[in-house]
1. Which ones in region 196-245 are under 20 Å from the mean Cα position of the chain (by Cα), free of Cβ contacts under 8 Å to residues at least 24 places away in the same chain and under 30 Å from Asp314 (Cβ atoms)?
2. Among helices (runs of 4 or more DSSP H) lying entirely in region 161-264, which contain 3 or more residues that are out of contact with any Pro (no Cβ under 6 Å at 6 or more places or on another chain) and at pLDDT 90 or above?
3. I'm checking my understanding of the structure. Among residues of region 167-199 that are in contact with a Ser or Thr (Cβ under 7 Å, 6 or more places away or on another chain) and not polar (S, T, N, Q), which one is nearest to Leu124 (Cα to Cα)?
4. Within region 293-333, work out how many residues are in a helix (DSSP H, G or I) and under 14 Å from the mean Cα position of the chain (by Cα).
5. Taking the residues in region 116-128 that are closer than 14 Å to Leu176 by Cα and not hydroxyl-bearing (Ser, Thr, Tyr) as candidates, determine which candidate is surrounded by the fewest Cβ atoms within 10 Å (Cβ to Cβ).
6. Given (1) over 22 Å from the mean Cα position of the chain (by Cα); (2) more than 23 Å from Phe118 (Cα to Cα); (3) acidic (Asp, Glu), identify the lone condition not met by Glu255.
7. Could you say whether any residue in region 291-303 is out of contact with any Gly (no Cβ under 8 Å at 6 or more places or on another chain), farther than 18 Å from Phe109 by Cα, surrounded by fewer than 24 Cβ atoms within 10 Å (Cβ to Cβ) and not β-branched (Val, Ile, Thr)?
Amino acid sequence: MRISACAETAPYDWCRDTQVTDRSENRSALSAPTWGTTVLVLAAIAVGALLGLLGPELGASLSQGIDPTLLAIVGLLFFEVRLGAVKQSVMSPRVIALAWAANFLIIPFIGYAIAALFLSGQPLLFTGLVIYFLAPCTDWFLAFTRMAHGDTALGAALLPMNMLTQLLLYPLWLLLFTSHTGVVDFQTIPDALLSWFVTPFIAAQILRWGLSRILVAAAFDKTCAWVGAAIPILTAALVLQIFAANITVIATHFEAFGLVLAAIFCFFVITYGVAEGLSRLFNLSYRHQVVLAMTTAARNAPLMLAVTAIAIPDQPLVYAALVIGMLVEFPHLAGLKQVLLSRVTGQKGAAGQPGSATSS
């Protein structure tokens, strides 16, 4: 099922920061967060909107739980960061550098241009859409990378770098791309990032390090699996709370969400073209093409939703744009996986034809 001239590398154990030899060992953890998250978020939107419309007081009560939910999401996301995976980047520094440049030097400007084209007259939705476009995924993109038979060891090395880079660049991005909207209070962002992200990140990494040494391997792996399963549930709970508390405001701008969907569609098409162009320009192997395609397509909506709800409080339309992106992303990644796998199937079929050339 693979087209690659390079030697196979053992898959990466994304819980323990080590190589493993059994490819089935991590399969369930890597492929779990797919369509189930879409269903959860859709259900959260529907239930939250219904609760907010039928009982505004209940919606206001649910909004009191937003901060604890945010903190739980942030803590679990930071617990999943595997700093030891960075050492795997020495396997293919060229691909790592290419993916980093695409995600943080090329795509932000593409995302800004698309958001400005579709939503320049809607500053709140524009801001949310820009934030969604800016941050590459730090979790479930690895699941789709594995399902498309990409290099998951290399993908795992990208995760901590993506996480740290996007958090460090978040204030700069807002200043560069959204200062003209007047939506963001830049004076509050440094304190918010320090209180809500730097301290929880250090605490989560200390906890991860401690548990990895206290627990036996099976127990630690099960803990990682529980953490991974809890993140989509908590994200859905946050969406429910946001929609229950703010459905009236969101509903008044419902007609603009069609523009949000159109912008997201254009973004996915263009970023796919960017990944394809870079893959051909630098002559990447199939497994590295998958990594580049998936990391440039998948966005980090859960973390950006949490960051933005803290850095830009009381702006439900900003959050709604992020939620819409999250909903569209999973079908897109599933389709992208099939497009990539079709190359393998097609080339295998061609290789079986009499007189056909075998792909390297």
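1. Residue satisfying the conditions is Val198 alone.
2. Fully inside region 161-264 and qualifying: 199-214, 217-251.
3. In this case the residue turns out to be Val183.
4. Within region 293-333, residues that are in a helix (DSSP H, G or I) and under 14 Å from the mean Cα position of the chain (by Cα) number 24.
5. It comes out as Ala116.
6. Of the numbered conditions (1) over 22 Å from the mean Cα position of the chain (by Cα); (2) more than 23 Å from Phe118 (Cα to Cα); (3) acidic (Asp, Glu), the odd one out for Glu255 is (2).
7. No, that holds for no residue.
The values are calculated or read from the model by the stated rules, or taken from the named source; none is laboratory data. Because the structure is a prediction, the values reported are computed rather than measured. No Cβ is skipped: glycine too gets one built from the backbone with ideal geometry, and neighbour counts run over all protein chains shown.
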